[in-house]
1. Efficiency by 1/(1 + (r/R0)^6): what FRET value for B:SER71 and A:ASP126, r their Cβ-Cβ distance, R0 = 41 Å, to the nearest 0.05?
2. For chain A, with a Gaussian network of springs between Cα atoms less than 10 Å apart, report the residue from A:PRO76, A:PRO112, A:PRO135 with the top mean-square fluctuation.
3. By average Cβ neighbour count within 10 Å, what is the ranking of A:167-173, A:338-344 from highest down?
4. Summing Lys, Arg as +1 and Asp, Glu as -1, what charge do residues with Cβ under 10 Å from the Cβ of A:VAL253 carry, A:VAL253 excluded?
5. For peptide B:45-52, how many partner chain Cβ atoms fall within 10 Å of a residue's Cβ, on average?
6. Most mobile of A:ILE153, A:ILE241, A:ILE309 per a Gaussian network model of chain A (Cα springs, under 10 Å)?
7. In nm, to one decimal, how far is the A:ASP288 label point from the A:GLU72 one, both placed 7 Å along Cα→Cβ?
8. Over chain A, what portion of Cα pair distances is larger than 29 Å, expressed as a whole percent?
Amino acid sequence: MPSIDVATRKGLFRIEKADEGWTVVTPPAFLGEPVSAILTDPRDGTRYAALRLGHFGCRLHRSGDGGASWQEVPAPAYPKSDAEDAPALDMIWELVPGGADQPGLIWAGTLPGGLFVSRDRGDSWDLVTSLWEKPERARWFGGGYDHPGIHSILVDPRDSRRLALGISCGGVWLSEDGGESWTQGGQGLRADFLPPDQATDPVSQDPHRLSACAARPERIWCQHHNGIFVSSDGGATFVEIAGVKPAHFGFAVAAHPIDPDTAWFVPGVKDECRVPVDGQLVVTRTRDGGAGFDALSGGLPGTPCYDLIYRHALAVDASGDVLAMGSTTGNLWVSESAGTEWELVSAHLPPVHAVAFV
Amino acid sequence: MPRIRFTSNLARHLAAPELTAEGGTVREALDDALADEALLRSYVLDEQGRLRRHVTIFLDGAMITDRRGLSDAVTRDTEIYVLQALSGG
């Protein structure tokens, strides 16, 4: 039965497709707790849920029985330091499985900017110091949070040693050796929020989200603070796609898993006004590599609508036909027509942080 | 020995029974009591050993004065109460 995990500000929900359509399964897990990241590991079915408790820090839970029961495991922790501003885990923003040849290996992207790896299904974590110690990190800065954060981790399905990271704000970083060493990617990204002579500095970019085509992973789509960009070389360089209507600002992007020329975005007016253009929520879709975009609103609310879609709250399934989208207003939609028409599954969820097909 | 009690709000996350500890300061008492309770410790202190921002500590009914260093003195009769600050949302 198709199902989708929905991580929200107040719990982890699941929706399932039954005879009567998509429905919210109850009860949710972690009701009342902010769920910042989720993962169902396709290699062994293990589920992971990261919580960001308001009082008691970041927690990581694991389930080996599909979510019937959960066990708390250690969350990633920054190395002990005597520095006055020594880093501490603020949020787990992304949990990603390693390659098919790396059973039990999990990557975690975090605030304040550390990449962590576990090689034992989350029983223990190591900070990836090769990235943490890059001198360029001193020039990273917060984008939406007090500190920089790693929100996008792409593992090349053809070669699990090839990694690409999206960092707000630290640009795009690439590894060819499983994280042993890193180079700055993201050449061609451009940021109007920087001084003009630094607008193309790759270190200071704010890629809101990266999404790669699974069948052609050299094709990476980027929803950047400054617009929509696309890479055809695995994130080393990007080309800006200008003129996308109704707007090029947004957070979420989903790359088609098979067709490298198809991707979906959810635009907002602009960075200082993060709501749908003219109060009309639309999904924009390109099917030709960015030459043209369709603005899709079938089944989405009429005006006025002020839903915002966070960067992890738009997802596409392995077929490329089914999409899920959740909003800060607690609306959840599913499309079974590649985004052309949407069905409202619930209008009463807590604010949605992330959606993921299981 | 100082006794350490935890807010009942922790019970929804993990077992947090009353503990006893050796030590002459809040820091020493917490370090002693939580030495073998890594998970519980991580709910109260971050990985740098700092008291979490929205957690506070009372000693016999009075809030500690040194949140940063946890140097407030405790005696064998002190009750150390770890509780959460209130927040909205």
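1. On the way: r = 33 Å, r/R0 = 0.80.
In this case the efficiency is close to 0.80.
2. Residue with maximal mean-square fluctuation among A:PRO76, A:PRO112, A:PRO135: A:PRO135.
3. Working: A:167-173: 27.0, A:338-344: 17.9.
Descending packing order for the listed peptides: A:167-173, A:338-344.
4. Values: positive: A:ARG209, A:ARG311; negative: none.
My count for the surroundings of A:VAL253 gives +2.
5. On the way: counts 2, 9, 12, 12, 3, 2, 0, 6.
Taking the mean over all residues of the peptide, I get 6.
6. It is A:ILE241.
7. 5.5 nm
8. Working: 22325 of 63903 pairs.
That tail contains 35 percent of the Cα-Cα pairs.
The values are calculated or read from the model by the stated rules, or taken from the named source; none is laboratory data. As the structure is a prediction and not an experimental result, all values here were calculated from the model. Neighbour counts run over all protein chains shown; Cβ positions are idealised from the backbone, glycine included. The protein model used for the area step is the full one, side chains on, heavy atoms only, and it has no ligands, DNA or RNA in it. Shrake-Rupley method; radii C 1.70, N 1.55, O 1.52, S 1.80 Å.
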